[in-house]
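Step one of this worksheet: look at the structure below.
Bear in mind that the values in this text are calculations on the coordinates, not laboratory data. Here the structure is a predicted model, which is why all the values come from computation and not from measurement. Cβ placement follows ideal geometry from the backbone for every residue including glycine, while neighbour counts extend to all protein chains displayed.
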Amino acid sequence: MPHHLAFAIMPAHGHVNPTLPLVEELTRRGHRVSYLTGAAWQGPVEAAGAEFVPVPDGIPAGGPPPNFKDGLNTVRSMLERFLGAARETVPETLRALQADPPDALFYDMLTWSARAAAEKAGVPAVQLFPSFASNEHFSLLSRFAGDVDLQSPELDDVREQFAEFGRSTGAAVAVEDVFAPRPQGLNLVFLPRQFQLRSETFDDRFVFLGPSLGVRPEFEQWQPPASGAPVLFVSLGTGPLNENPEFFRTAVRALGGSRWHVAMAVGDRVDVAELGEIPDNFEVRQYFPQPTVLKYATAFLSHAGMNSTMESLYNEVPMITVPQMPEQEANADRVEELGLGGRLREITAEQLRALVDEVSADESVRARLAEIGPVVRGCGGAELGADAVEKYLAGL
């Protein structure tokens, strides 16, 4: 029986991209999908077969600080920014759900406010995790909060702001929702259980789909060098922290004239002219079709975003990680813990060159990747996700 399903997803690569193969599979099976997100994603959403519904971006302004070591002030800042995002998105999300009621709403771990809108509209909600999942025993965001008591009197004013927002919109939200997403109902996780932190604590409410690459036309727009030189892919992702020309200059100093063919993505915040003379063995662009490059890569120098991490493991490419924010630090630590790569802790030309050569030649890393690669590729992906969704819908 075909259903109408709605997705409410933060408009960022790391949040939208994992969902698109699932949307493709659901629409292929005859379901109608409405996709609520920011305007920049209309093209990819429609290409996946969904109906695009524009809502305000709702990305927490300012971004997180470089680390979460400053306790109460960090927690306060996060709560205020997430509430500001909810004020932008919840009214429009609620209007969309009431105007064209879906049979279920799919929201990701950072669009928890959409779940509040779904509860107000009487719509069942399914939680999506593009990164490490959270349950009663583990939450990555709660780790960032450290020992801060969310019931501290010093946060009374923020809790009252959340309560007032709930009273004014009818969509109940609480400070706890920011740090501990509710694991009720169905939860879909876009990574393998073997990579999940505290995986033994996750029950059958959680379905670990692993990554799905889906169908994107840009995948075939790159070819490896005719020389046969080993390919090193360098990328710090698409986030706002990818704006450090000195990192890319260091990579040029480290690897210019080396045996590597270096495909280096510098993003749209770095002017290539700032990098100086580009060596002949470097190919520098704003962006590369990452899944295609990784099919040919011998090593990957990465910020360790979860999408990038999963795509690297999917293709069995050793990782040299340079995390830029706490979530990426957790990913980098997990990569190192599982023996899938190494972490660059001192960004110098000498350390970068040495670690790239060391990790790419490490037979134990290759062996671990050969073990986990089939697991990542064989999790079930979008088909398993669609099966889980249809089983869930049948039980409503």
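A few comments on the model shown:
- From least to most packed, judged by other beta carbons within 10 angstrom and beginning with the fewest, Y392, Y287 follow the order Y287, Y392.
- Total charge dipole magnitude, the chain, about the Cα centre, Cβ charges on Lys, Arg, Asp, Glu only, Debye to nearest 20: 520
- Relative contact order of the chain: 14 percent, from C-alpha pairs under 8 Å at least 6 residues apart in sequence.
- Peptides 293-299, 169-175, 276-282 ranked from most to least packed give 293-299, 169-175, 276-282, packing being the mean of other C-beta atoms within 10 angstrom over each peptide's residues.
- Potential lengthening of the chain between R269 and R87 amounts to 62.7 nm, from the contour at 0.36 nm per residue minus the alpha-carbon distance.
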